[in-house]
Amino acid sequence: MKSALVAFKFLTLASRFHRAQVSPQQVGAAIPYFPLVGIVLGLVLILLNRLLDPRLESEILGVLLIAVLALLTGAIHYEGLQNTFDALSVKMVHGEGATRSRAFGVLAIVFVVLLKVRALEVTGETRSLGLLLTPLFARWSLVIFLYGSAFVAEGTARILADNVRAWHLALTTVVTLALAAFLVGRTALWIGLYLSLFALLSRSYLRRRNGSIDADNFGAVIELSETLSFVLFASL
């Protein structure tokens, strides 16, 4: 139970409060509970969707749902997304050193939010399933991203990656895919395949581009995985 609470503190709005701060070692031990956080977030979104769907147009409802998801997570993943893309935008200017464009990260956030909202608008009858499973898939993809990455990670990221075991990956994979397959059948396996490939390719790219991965990349992986999942639910 303690590890589950640590996972919620690390991945939700609770991380914004000083008293809720947890050590990287505690978070590492809580990694098997990351998908549980996703399930709870998804359940909140489903309840809100069922409550407001008869009363709001789909365009407005989509914006509201994405806003609530950002609120529940304290927008911490958007910060990671922005910092990751800002780091990718670093360039050498007139030999004076590296400069970082903050606009690149902001554009990434805008693009992600627009894609999420539009995907929810057009998903239709399967919107509830997408709302439930997308936060789950995204946090499972973070476990994939972390597993075996200790040798390229630094700082907090390395401590977390050092704590990811094969049984963590196996357990979260079985739980995620079993629940998703039960609800949406073969579609779940395709989404799981795409997200796992995305997590692995993202890690490989960040390693080549930056030489290492850091804690900011966690938020980027979660946000981009959520976006990809919402788009796939709208498309498959």
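The list (i) 17.5, 59; (ii) 18.9, 61; (iii) 16.6, 49 gives values of Rg and Dmax of the Cα atoms in Å, and only one came from this structure; which label was calculated from it? Matching the structure shown: (i). Distance between the C-alpha centres of the stretch 208-236 and the stretch 1-66: 17 Å, rounded to the whole angstrom.
In the chain, the DSSP-assigned H stretches of four residues or longer account for a calculated mean residue ellipticity at 222 nm of -24500 deg cm²/dmol, using -39500 (n - 2.57) per stretch and the full residue count as denominator.
Only counting other Cβ atoms within 10 Å, I'd like Leu189, Leu129 sorted with the fewest neighbours first. Kindly include the intermediate steps, with their values, before the conclusion.
Working: Leu189 13, Leu129 18.
Fewest-to-most ranking of Leu189, Leu129: Leu189, Leu129.
Put in order of Cβ neighbour count within 10 Å, fewest first, the listed residues Phe17, Phe233 become Phe17, Phe233.
Give me Phe8, Phe145 sorted ascending by neighbouring Cβ count inside 10 Å, so fewest comes first. Write down the numbers at each step before the final one.
Numbers: Phe8 20, Phe145 26.
Ordered from fewest to most neighbouring Cβ atoms within 10 Å, Phe8, Phe145 come out as Phe8, Phe145.
Would you work out the relative contact order for the chain, in percent, from Cα pairs under 8 angstrom that are 6 or more residues apart?
Details: 335 pairs, mean separation 65.2, N = 236.
Reported as a whole number, the value is 28 percent.
Backbone phi angles across the stretch 53-63, fed through the Karplus curve with coefficients 6.51, -1.76 and 1.60 (θ = phi - 60°), yield HN-Hα couplings of 4, x, 10, 10, 5, 4, 5, 6, 4, x, 4 Hz in residue order; Gly and Pro are listed as x. Close amide H partners of Ile213, meaning residues 5 or more places away or on another chain with modelled amide H under 5 Å apart, are Ala153, Glu154.
The value of relative contact order for the stretch 96-236, using C-alpha pairs under 8 Å at least six residues apart, is 40 percent. When the chain is modelled as a GNM with alpha-carbon springs shorter than 10 Å, which of Glu121, Glu59, Glu79 fluctuates the most? With Cα springs under 10 Å in the chain, the top fluctuation among Glu121, Glu59, Glu79 is at Glu59.
No lab work stands behind these numbers, since they all come straight from the coordinates. From a predicted model like this one, the values you see are computed outputs, not experimental measurements. Don't worry about glycine lacking a Cβ; one is built from the backbone with ideal geometry, like all the others, and counts go over all protein chains shown.
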